[in-house]
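A.B. asks: The structure under discussion is supplied below as C-alpha cells; questions concerning it will follow.
The values are calculated or read from the model by the stated rules, or taken from the named source; none is laboratory data. No experiment lies behind these values; they were computed from the predicted model shown. Positions of Cβ are generated from backbone atoms using ideal geometry, with glycine treated the same way; all protein chains shown enter the neighbour counts. Surface accessibility is based on the protein's heavy atoms, side chains included, excluding ligands, DNA and RNA. Shrake-Rupley method; radii C 1.70, N 1.55, O 1.52, S 1.80 Å.
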Amino acid sequence: MKTALTIAGSDSSGGAGIQADLKTMCCLGVYGMSAITALTAQNTMGVADIFEVSPEFLQKQLDCVFTDIFPDAVKTGMLSDSKLIAVIADTFKKYNARNIVVDPVMVSTSGSRLIKEDAVNSLKELLFPIADIITPNIPEAEILGEMEIHTRADMENVCRKISEKYGCSVLCKGGHSVEDSNDVLFYNGNIMWFESVKIDNPNTHGTGCTLSSAIASYLALGKSVEDSVRLAKEYLTGAIGAGLDLGKGSGPLAHNYKII
C-alpha cells in the first residue's frame, strides 16, 4: 500500500485539517499518517481557540514517521509559525522527502489573513523551493504573485510568475470565482485548465485541505502531476456535489461519497 503524510492542524469538527486529509487519503486507497502542527477547537461556525505544538514536538512526530513508514507523498496545510516551517523544510531535506504538496493556507474564504508575515516569508523561502506543487486560492495567489486577479489570463500569468520564481508547479484554484470553479495549473512550462461548474452547495468547509491531500494521494499512487490534479478535482467535485449537510454553519464534505 502506498503511503502519504499530512502535516497540518487538527480540526475538532472533522471537516478540515488532518481529519479531512486522512479521510481523503483513506478513501483514495492510500495509507495516511499525520504530524500535527496545532490543535484547534472549532466547528462549522468558526474557530474558538488554537493551541500550537512546539517545534521540538513537531520534529519528533516527523522523525517517527520518516524513520519507520516512509511516505510516498507529503502535504502541508496551515502553518502559522515560521519556526514550525523551518523544522518541516529541514526534515524534508534530511530525509529526501518526495512528492511534496504545499497548500499555502494564508487567506480564509472570508478574506481574513490567517498567518503572520514572517511565516509567509518562511513559506516562500523554505518550503516553496522544495515543493513539487503549491495550491493557492485566488486571494493567496494575489499575495504570492503581487498582482490582482480578475480574468483567466490573470490566473495563467500569476501561476507562471509564481512557478518561475520558486521553481515548483502551481495550481491556482478558482473556487473564489462567482461564475465557475475553474482551476489552472502551470506545470513543466505548460498551462492546463481544469474546468467545472459551480456547485450550489454552501457546505464547503475543508475544500482546500481535501484537494491538496487528494493530489498528494494520487502522486503517492504514481500518477503524474497533471493526472493527480485532474483526478483530485474530480474527487473534490463529487464530495461537494454529494450534498452532505451537517452543522449550523459551513458544513463539511462527504469524503466517503463513493462508498455510501
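A.B. asks: For region 233-243, state whether one or more residues are touching a residue at least 60 places away in the same chain (Cβ under 8 Å), open to solvent by less than 60 Å² (accessible area, probe 1.4 Å) and closer than 20 Å to Q42 by Cα.
C.D. replies: Within region 233-243, not a single residue is touching a residue at least 60 places away in the same chain (Cβ under 8 Å), open to solvent by less than 60 Å² (accessible area, probe 1.4 Å) and closer than 20 Å to Q42 by Cα.
A.B. asks: Among the residues that make up region 195-205, is at least one of them modelled with pLDDT of 95 or more and crowded, with 17+ Cβ neighbours inside 10 Å?
C.D. replies: No, there is no match, as no residue in region 195-205 is modelled with pLDDT of 95 or more and crowded, with 17+ Cβ neighbours inside 10 Å.
Quick grid of which residues meet (1) under 22 Å from D21 (Cα atoms); (2) modelled with pLDDT under 95; (3) aliphatic (A, V, I, L, M):
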{"site": "D63", "(1), (2), (3)": "yes, no, no"}
{"site": "D68", "(1), (2), (3)": "yes, no, no"}
{"site": "A73", "(1), (2), (3)": "yes, no, yes"}
{"site": "L126", "(1), (2), (3)": "no, no, yes"}
{"site": "P129", "(1), (2), (3)": "no, no, no"}
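A.B. asks: Looking at region 90-114, which of the residues that are assigned to a strand (DSSP E or B) and over 11 Å from the mean Cα position of the chain (by Cα) is modelled with the highest pLDDT? Let's see the steps before the verdict.
C.D. replies: Start the filter on region 90-114 by keeping residues that are assigned to a strand (DSSP E or B), which leaves 100-102, 107, 113.
Narrowing further to those that are over 11 Å from the mean Cα position of the chain (by Cα): 107, 113.
Details: V107: 69, R113: 64.
So, considering only residues that are assigned to a strand (DSSP E or B) and over 11 Å from the mean Cα position of the chain (by Cα), the one modelled with the highest pLDDT is V107.
A.B. asks: Let me ask something else. Surrounded by fewer than 19 Cβ atoms within 10 Å (Cβ to Cβ) and at pLDDT 95 or above: does that describe I191?
C.D. replies: For I191, the condition - surrounded by fewer than 19 Cβ atoms within 10 Å (Cβ to Cβ) and at pLDDT 95 or above - is met.
A.B. asks: Right, here's the next one. Would you mention how many residues in region 63-94 are open to solvent by 20 Å² or more (accessible area, probe 1.4 Å) and either closer than 22 Å to S224 by Cα or basic (K, R) (or both)?
C.D. replies: 5
A.B. asks: Here are some residues: I191, I199, I162. Which one is touching a helix residue (DSSP H, G or I) at 6+ places or on another chain (Cβ under 7 Å), more than 27 Å from S34 (Cα to Cα) and part of a helix (DSSP H, G or I)?
C.D. replies: None of the other options fit; the residue is I162.
A.B. asks: Considering only residues that are under 27 Å from D68 (Cα atoms) and out of contact with any Asp or Glu (no Cβ under 9 Å at 6 or more places or on another chain), look in region 32-50 and name the one that is surrounded by the most Cβ atoms within 10 Å (Cβ to Cβ).
C.D. replies: First, pick out the residues of region 32-50 that are under 27 Å from D68 (Cα atoms): 32-39.
Now narrow it down to the ones that are out of contact with any Asp or Glu (no Cβ under 9 Å at 6 or more places or on another chain): 33, 35-36.
Numbers: M33: 23, A35: 26, I36: 17.
Looking at residues that are under 27 Å from D68 (Cα atoms) and out of contact with any Asp or Glu (no Cβ under 9 Å at 6 or more places or on another chain), I get A35.
A.B. asks: Same structure, new question: In region 32-76, which residues are of a type in the set (D, E, K, R) and free of Cβ contacts under 8 Å to residues at least 60 places away in the same chain?
C.D. replies: D49, E52, E56, K60, D63, D68
A.B. asks: I'm told T40 meets every condition in (1) at pLDDT 95 or above; (2) within 30 Å of S181 (Cα to Cα); (3) touching a Phe, Trp or Tyr at 6+ places or on another chain (Cβ under 9 Å) except one. Can you identify the failing condition by its number?
C.D. replies: So the condition that T40 fails would be (1).
A.B. asks: Among the strands (runs of 3 or more DSSP E) lying completely within region 2-68, list those that include at least 2 residues that are among the aliphatic types (A, V, I, L, M) and within 22 Å of F92 (Cβ to Cβ).
C.D. replies: So the answer is 3-11, 31-43.
A.B. asks: I would also like to ask the following. Give region 202-226 a look and list any residue that's over 26 Å from M45 (Cα atoms) and touching a helix residue (DSSP H, G or I) at 6+ places or on another chain (Cβ under 6 Å), or say none.
C.D. replies: Once the filter is applied, which keeps residues that are over 26 Å from M45 (Cα atoms) and touching a helix residue (DSSP H, G or I) at 6+ places or on another chain (Cβ under 6 Å), region 202-226 yields I215, S217, Y218, L219.
A.B. asks: Another question about this same structure. Does V120 count as over 16 Å from G77 (Cα atoms) and hydrophobic (A, V, I, L, M, F, W, C)?
C.D. replies: no
A.B. asks: Could I ask something else about it? Restricting attention to region 165-175, and to residues there that are modelled with pLDDT under 95 and in contact with a strand residue (DSSP E or B) (Cβ under 6 Å, 6 or more places away or on another chain), which single residue is most open to solvent (accessible area, probe 1.4 Å)?
C.D. replies: Only one residue tops the list, namely K173.
A.B. asks: Right, something else. Can you tell me which residues in region 125-152 are over 17 Å from M192 (Cβ atoms), assigned to a loop (DSSP other than H, G, I, E, B) and open to solvent by less than 60 Å² (accessible area, probe 1.4 Å)?
C.D. replies: Once the filter is applied, which keeps residues that are over 17 Å from M192 (Cβ atoms), assigned to a loop (DSSP other than H, G, I, E, B) and open to solvent by less than 60 Å² (accessible area, probe 1.4 Å), region 125-152 yields A131, M147, I149.
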